[in-house]
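K.L.:
Below is a structure I'd like to ask you about.
The values are calculated or read from the model by the stated rules, or taken from the named source; none is laboratory data. None of these values were measured; they are calculated from a predicted model. As a convention, Cβ positions derive from the backbone with ideal geometry for all residues, glycine included, and neighbour counts pool all protein chains shown.
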Amino acid sequence: MGVLIPEDIKKHAIDHRKEEEDLGMETSEDLMEYTEFGDLITILEKNAKLFDIINNMRSAKTRLIGFIKSRNIVAHCRTMSDDERDRFELLVKDWLRIVG
């Protein structure tokens with residue numbers, strides 16, 4: 001059984017892939033490659049049994065939210081402060097601990 005992608009996320013991923021296709025970009029058949037980072041929380045929740053490697057789903061969600069906030073700093077061309085870099089490094093360590 002594969003990963004269940006909720007319909008609203010799937011539609012957005014299909015639209016995103018189509019946009020890239022229309023621009024002549026190389027595309028993938030794997031819709032997961034067209035989901036947004038924030039969608040991962042919903043996908044994890046809907047497929048918790050498939051992700052049994054995650055020891056604590058609530059902690060995983062909290063760390064993913066932290067990753068999203070860090071990602072937004074970089075994606076919007078802001079510089080991460082030393083504290084934000086330290087926080088990101090701790091998030092990575094926490095994530096690795098959570099997923100086993």
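K.L.:
State all residues of segment 13-37 that are part of a loop (DSSP other than H, G, I, E, B), surrounded by fewer than 15 Cβ atoms within 10 Å (Cβ to Cβ) and out of contact with any His (no Cβ under 9 Å at 6 or more places or on another chain); if no residue qualifies, say none.
P.N.:
Scanning segment 13-37 gives L23, G24, M25, E26, S28, E29, D30, F37.
K.L.:
The conditions are (1) touching an Asp or Glu at 6+ places or on another chain (Cβ under 8 Å); (2) closer than 23 Å to N72 by Cα, and T27 fails exactly one of them. Which is it?
P.N.:
Just one mismatch for T27, condition (2).
K.L.:
So which of T42, T79, T35, T62 is closer than 26 Å to L4 by Cα, of a type in the set (S, T, N, Q) and either over 15 Å from the mean Cα position of the chain (by Cα) or not assigned by TED's automatic domain parsing to the domain that holds I5 (or both)?
P.N.:
T62
K.L.:
What are the residue pairs meeting all of these: first residue in segment 1-21, first residue under 24 Å from F51 (Cβ atoms) and free of Cβ contacts under 8 Å to residues at least 60 places away in the same chain, second residue among the aromatic types (F, W, Y) and surrounded by 14 or more Cβ atoms within 10 Å (Cβ to Cβ), Cβ atoms under 8 Å, and 6 or more apart or on different chains?
P.N.:
Close Cβ pairs satisfying both conditions: H12/Y34; A13/Y34; I14/Y34; H16/Y34; R17/Y34.
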